[in-house]
Amino acid sequence: MVEATALGASSDGKLPSEEERIKELIIDTIRKERPSSVSQLFSMLLERSETADLSITDATRLVKELEEEGRIRLSELPRKYRNFSSYLFDRERSISFWLVISAVVLTLASIYALPSEFPWVIPRWIFGSLFVIFLPGYAFVDALFVDPLNKKKELDQIERFALSIGMSLALVPLVGLLLNYTPFGIRLEPIAASLSTFTIFCAIAAAYRKFTRLSEIEEGKPSSNQDST
């Protein structure tokens with residue numbers, strides 16, 4: 001987590017007007033450079049002649065004051081992951097991946113494990129509908145619009161939901177059309193296998209893109225998730 005604890009009054013007796021000028025420089029640096037931590041922000045400030053004599057104590061204090069004033073927002077740094085598998089097993093970060101996988105597994109189980117008599121057929125209707133008109137599009141959209149920290153969303157929840165249904169309605173007929181020109185034909189087993197494969201592939205792609213984006217943020221590359229207002 002970004003360290004930004006208020007440390008009391010400035011030790012070198014800067015006038016309030018001088019501190020306000022430095023605050024503006026801090027905001028300007030955040031907007032242009034997108035630092036991922038206070039220490040990285042401090043390093044960037046040292047490169048500017050206007051703040052070359054600024055101490056890390058004063059920098060931390062001023063950043064905290066800016067946050068309290070609502071002029072900037074600090075966010076958690078991503079957890080470091082050794083590899084992609086360690087990211088997948090962090091349920092907090094990869095929750096969407098596991099939800100998609102669970103929904104696919106439950107759908108296949110409802111098709112092949114449950115009896116086809118009423119009322120056992122009801123879960124098949126529910127999961128089958130979800131499997132056809134939502135899951136493929138959701139996984140595809142999740143792979144396109146990557147937001148690993150959930151701070152600045154390219155799509156809000158309503159837009160993501162609507163786009164997921166729209167993409168599913170576009171992708172599922174395309175899969176059926178392709179199957180029609182294969183020896184498998186348009187039957188339950190090929191359709192279930194094709195949609196499952198496509199959905200899981202998109203879910204893995206989305207998770208991997210989030211993992212690589214988190215790695216970039218950890219390395220200090222510019223990110224749109226550290227905003228200033």
I need the peptides 18-25, 201-208 ranked by packing, meaning the mean over residues of other C-beta atoms within 10 angstrom, with the highest value on top.
201-208, 18-25
Suppose R0 equals 45 Å; then what is the FRET efficiency for Ile158 and Arg82 from their Cβ-Cβ distance, rounded to the nearest 0.05?
0.80
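At a Förster radius of 41 Å, what calculated FRET efficiency corresponds to the Cβ-Cβ distance of Ser116 and Leu174, to the nearest 0.05?
Approximately 0.90, to the nearest 0.05.
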Amide H to amide H, which residues 5 or more places from Ile72 or on other chains are under 5 Å from it, using H placed in the peptide plane?
Glu67, Thr229
For the range 160-168, in residue order, the Karplus 3J(HN,Hα) values (coefficients 6.51, -1.76, 1.60; θ = phi - 60°; whole Hz; Gly and Pro = x) are 5, 5, 5, 5, 5, 5, x, 5, 4
With a point put 7 Å past each Cα toward its Cβ, work out how far Asp90 is from Leu130 in nm, to one decimal.
2.6 nm
How would you order 60-70, 178-188, 136-146 from highest to lowest mean count of nearby Cβ atoms within 10 Å?
136-146, 60-70, 178-188
Rounded, prolate or oblate: which one fits the range 101-183, using the alpha carbon gyration tensor with axes a ≥ b ≥ c (rounded when a/c is under 1.5, else prolate when a/b beats b/c, else oblate)?
oblate
At Thr182 and Ser215, where each label point lies 7 Å from the Cα along Cα→Cβ, what is the point-to-point distance in nanometres?
3.1 nm
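Every number here is computed from the coordinates shown, using simple stated rules; none is lab data. In this text the structure is predicted, and so the values were computed from the model without any measurement. As a convention, Cβ positions derive from the backbone with ideal geometry for all residues, glycine included, and neighbour counts pool all protein chains shown.
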